[in-house]
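Working notes, structure below.
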Amino acid sequence: MIFSPVLIDNLPFCLAVLAGVLFWLGGRQRLMLISSAGVRPARSRRRTWRSIAFYSSLVVTVFALQPPMDGWADSLFWAHMVQHQLLMMLSAPLLVISAPWIRMWSGFPLGFRRMVARSVVQGDWARPVRATAHAVGSPAAAWIGFNAVIIGWHVPTLYDAAVSNQLVHDVEHLTFVLFAIVFWAQLIDSPPFRARLDYMRRFFYLAASMFPSWVLAIIMVFSGAPLYPAYVVRESGQSGIGVLTDQQVGGAIMWMVGSIPMAITGFWLIYQWVASSEEPGRLRGRRRVSAVDLADESVHR
C-alpha cells in the first residue's frame, strides 16, 4: 500500500513497460519459430518498421500522460490540447501501423491464450462483447464515435469536469485513445484486421472526419470570451499567458497541428488510390503478401 500512490501516478509508464515487454516476447517467439525457414529482407524490414512505430507510440503516450505534460494540462488549455492531439493524432495511428495485436497476444503463456480465446470466441457470456465489437468496428460507427468523443468532451461542462477530476480526466483520455484506434483502423490496415473501405472511400471518409474538429477549433480561436470556466479561475499571470489567448492557442493547435497527420494520411491514400486503379494486379499482390504475413505471424499460436 505504501507504493500504491507512486504506482497510480506512474500508471501510464507502467502499462507502457508491460506492453513493450509483451511485444518483445511475442516477437522473440515468432523469430525463434520461423528462423529455420529464413526471413525475407522485405518482410524483415516491415517488422522493423512496425516495431519502431509501436515503441514510438508508447513513448508518445507516456510523454502525453506523465509529468510534466500532465501537470501543464491542469493549468494550461493549450497543453491539454497538445495531450489530446498526441494521443489521437500520433499515438493511435502509430499503434495501428505497428499492428501489435497478434504479437502482443503471443507474449502471454500458451495455456492462458487458449483458455481466454476459447472463452471469448465460444462463450455465451461474450456474445454481447462480440456483437458490440463488430458494430463499433464498422466505418459508420467508428466515424460517429470518433467525432462524438471529440465534440462531447469539449462541451464546457464535461471539459471542466475532466480538468477538475482525475478519474474523469482518465476516462476522457481512455475514450480518446480507444475511438481513435478504431477510427484509424478504418484508414490503415492493421493485420489481422483489414479496413472495409477501398482507398477512394477511405480518402473521403478521412476528409469528412476533419470538418467537425475544424469547426470546433474555429470556435475556440475566434471566440471573444473564454469557453471553459475551469481555466478562468487560475491566475493568468501564473503562466505568462492570458486565458483567452491560451484558449486561442489551443484551438490553433487543434486546427493546424492536429490536421498534419490527417493530411499526410490523405496524400498517402490518394497515392494508393491512384496506384491501385492503374495497376489492379499490384493491389492483388499486396493482398497475397498480407495473407502470407498473417500466416507467418500466426504460425506460433
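The values are calculated or read from the model by the stated rules, or taken from the named source; none is laboratory data. In this text, all values refer to a predicted model and were calculated from it rather than measured experimentally. Here the Cβ is made from the backbone with ideal geometry for all residues, glycine too, and neighbour counts use every protein chain on show. These area figures cover heavy atoms from the full protein model, side chains too; ligands, DNA and RNA do not enter into them. Shrake-Rupley method; radii C 1.70, N 1.55, O 1.52, S 1.80 Å.
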Quick test for you: out of Ser98, Ser138, pick the one residue that is touching a Lys or Arg at 6+ places or on another chain (Cβ under 6 Å) and within 28 Å of Arg46 (Cβ to Cβ). Ser98
Just one listed residue, out of Asp160, Asp124, is open to solvent by 70 Å² or more (accessible area, probe 1.4 Å) and among the acidic types (Asp, Glu), and it is Asp124
Residues that are under 23 Å from Asp189 (Cα atoms) and surrounded by fewer than 17 Cβ atoms within 10 Å (Cβ to Cβ), drawn from the range 106-120: Ala117
Which is of a type outside the set (Phe, Trp, Tyr), open to solvent by 60 Å² or more (accessible area, probe 1.4 Å) and modelled with pLDDT under 90, of Val274, Val299, Val215? Val299
Residues being open to solvent by 50 Å² or more (accessible area, probe 1.4 Å), more than 9 Å from the chain's Cα centre (by Cα) and under 13 Å from Leu87 (Cβ atoms): count how many of those fall in the range 172-194. 1
Confirm whether Ala92 is among the aliphatic types (A, V, I, L, M), touching a Lys or Arg at 6+ places or on another chain (Cβ under 7 Å) and surrounded by 14 or more Cβ atoms within 10 Å (Cβ to Cβ). no
Count, please, the residues in the range 218-231 that happen to be exposed (fewer than 14 other Cβ atoms within 10 Å of the Cβ) and in a loop (DSSP other than H, G, I, E, B). 3
